[in-house]
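Notes for the one structure printed next.
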Amino acid sequence: MGGDRTRVRIACWVGDALLPACAALASDDRLTIVALGGPTADAVDFAARLGIPHLDDPRQLAATTGIDAVVLMDPERRIPADELTAVMSAAHDRPLLSMAVRPGGLSAFLDESFPLPGNAPLPLPIPWFRGLRRGRRLLEAAETFGPPASASIEITGPGPDGLLTTRLLDAFDLLSAWFGLPAVVEACGIRPIGVSEAPIRRLFAIARYPDGRAASVSVGADGGRHQRSVSLHGAAGRLRVVDDGMDWSDAEGGTVEFEPPGPPRQTEPAEDLAESIDAIVRGLVPVRPAEATLDLLAVCEACMLSARTGEPEAIERVRRMLDRV
């Protein structure tokens, strides 16, 4: 890109585990970090090396002037609802992008009695598949493929690169392009073997839709290289995408389009973050309305509830529980 004026200007709150990724963002020619926040001395030192201000409160960081977006890169820090409301208000009409979108942490905003701050953005998950070129390529290919009868999505990777619920939201956001919102979800949470009190590290979910179609979702924060895979089945055959590779075969098994995935990239998580941030700020991907985000958060909340109860959960029932219909 050209000079600094053409770059997206961001304020970042970052945890220690993601300081290397933040350093990669700082060297990406699409972005300029103009202010940094973080809870430790390492974040203070990193800001000093960049020659930018360090702020010790995410609310102050979100109020930074002259920025295009606020980026939260600290999945291990749970921001209380009242503090998150203040961050949203400070961000005003600028995108609020987070690697730690927690449905439970946002459930207050699903309550009619807890109004959304005026013009304040709800957090968007990053990396966001719609914000990546390969994600938009999949959506374009799916338009030619036609309506799928079923689908399966897997988004997985190491914990420091994002929360399980953030990946769950990303998966259901993509499914919503083809199926809308499910009527019922049934989920199973997987913990480390022999550690019954450990947090869920992988979640499997079946989503059933009002028109009889269905989809499966597998999301994990249990290690391995960060990867997305999507398979659609329908009258046009099977369309499968793994990372930046595509395999479309027709109903008889003949190849319609095939491109193998490229080799793993050393800086892939940071590159995906930079690409997502750039695409969202520049409007390459339309940002969904707040109500649509709340609908998707209710789906994720239903999945987490089903993983706890072991029972199917109706999305409408969850929305009634949260008092926003």
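Annotations
- Between the C-alpha center of the stretch 1-75 and that of the stretch 248-294 there is a gap of 24 Å.
- Dipole magnitude for the chain: computed about the Cα centre from +1 point charges on Lys and Arg Cβ and -1 point charges on Asp and Glu Cβ, it is near 120 debye.
- In this structure, the amide hydrogen of Arg201, modeled 1.01 Å from its nitrogen in the peptide plane, lies closer than 5 angstrom to those of Ile190, Arg191, counting only residues at least 5 positions away or on a different chain.
- Note that the stretch 204-210 has calculated 3J(HN,Hα) couplings of 10, 9, 10, 10, 10, 9, x Hz, one per residue in order, obtained from phi through the Karplus relation 6.51 cos²θ - 1.76 cosθ + 1.60 (θ = phi - 60°); glycine and proline are x.
- Only Cα pairs under 8 Å and 6+ residues apart enter the sum, and on that basis the relative contact order of the stretch 240-300 stands at 18 percent.
- For q = 0.20, 0.21 Å⁻¹, Debye-computed log10 I/I(0) when each Cα of the stretch 178-230 counts as one equal scatterer: -0.79, -0.83
- Normalised Debye scattering of the chain at q = 0.15 Å⁻¹ gives log10 I(q)/I(0) of -1.30, counting only Cα atoms as equal scatterers and leaving out solvent.
- Here the sum of -39500 (n - 2.57) over DSSP H runs of 4 or more residues, divided by the residues of the chain, equals -10000 deg cm²/dmol at 222 nm, to the nearest 500.
- Under a 5 Å amide H cut-off, with hydrogens placed 1.01 Å from N, Asp222 pairs with Gly157 among residues at least 5 apart or on other chains.
- The calculated FRET efficiency for the pair Asp57 and Asp29, based on their C-beta separation and a Förster distance of 35 Å, comes to about 0.75.
- Relative to the dominant Cα principal axis of the chain, helix 133-145 is inclined by about 20°.
- Calculated over the stretch 263-325: convex hull of Cα atoms, volume per residue (Å³): 142 Å³
- Folded to 0 to 90 degrees: helix 41-50 orientation relative to the chain principal axis, Cα: 80 degrees
- Förster radius 30 Å - calculated FRET efficiency between Arg265 and Arg49, Cβ distance, rounded to 0.05: 0.75
- Relative to the longest principal axis of the Cα atoms of the chain, the long axis of helix 290-309 lies at roughly 70 degrees.
- Comparing Thr32, Thr40, Thr85 in a Gaussian network model of the chain (Cα springs below 10 Å), the most mobile by mean-square fluctuation is Thr40.
- Here the alpha carbons of the stretch 120-239 define both size measures, Rg and Dmax, at 14.8, 46 Å.
- Spin-label model distance (nm) - Thr255 vs Asp93, 7 Å beyond Cα toward Cβ: 5.0 nm
- In this calculation the C-beta distance from Met321 to Glu291 is compared with R0 = 22 Å, giving a FRET efficiency of 0.80.
- Shape call, the stretch 1-69: gyration tensor on alpha carbons, a/c limit 1.5: oblate
- The stretch between Asp42 and Ala17 holds 8.0 nm of extra length on full extension. This uses 0.36 nm per residue minus the Cα-Cα distance.
- Long-range amide H partners of Gly37 with built H, under 5 Å: Cys12, Trp13, Val14, Leu55
- Solvent exposure of Ser196, expressed as accessible area, is near 90 Å², computed with a probe of 1.4 Å over the protein chains only.
- Potential extension, Ile193-Ser216 segment - 0.36 nm per residue separation minus Cα distance: 6.0 nm
- Taking Phe258, Phe129, Phe46 in turn, the Gaussian network model of the chain (Cα-Cα springs below 10 Å) assigns the largest fluctuation to Phe258.
The values are calculated or read from the model by the stated rules, or taken from the named source; none is laboratory data. Just so we're clear, the structure is a prediction, and the values are computed from it rather than from any experiment. Reconstructed Cβ throughout: ideal geometry from the backbone, glycine too, with neighbour counts over all protein chains shown. Protein only, heavy atoms only, side chains kept; ligands, DNA and RNA dropped before computing areas. Shrake-Rupley method; radii C 1.70, N 1.55, O 1.52, S 1.80 Å.
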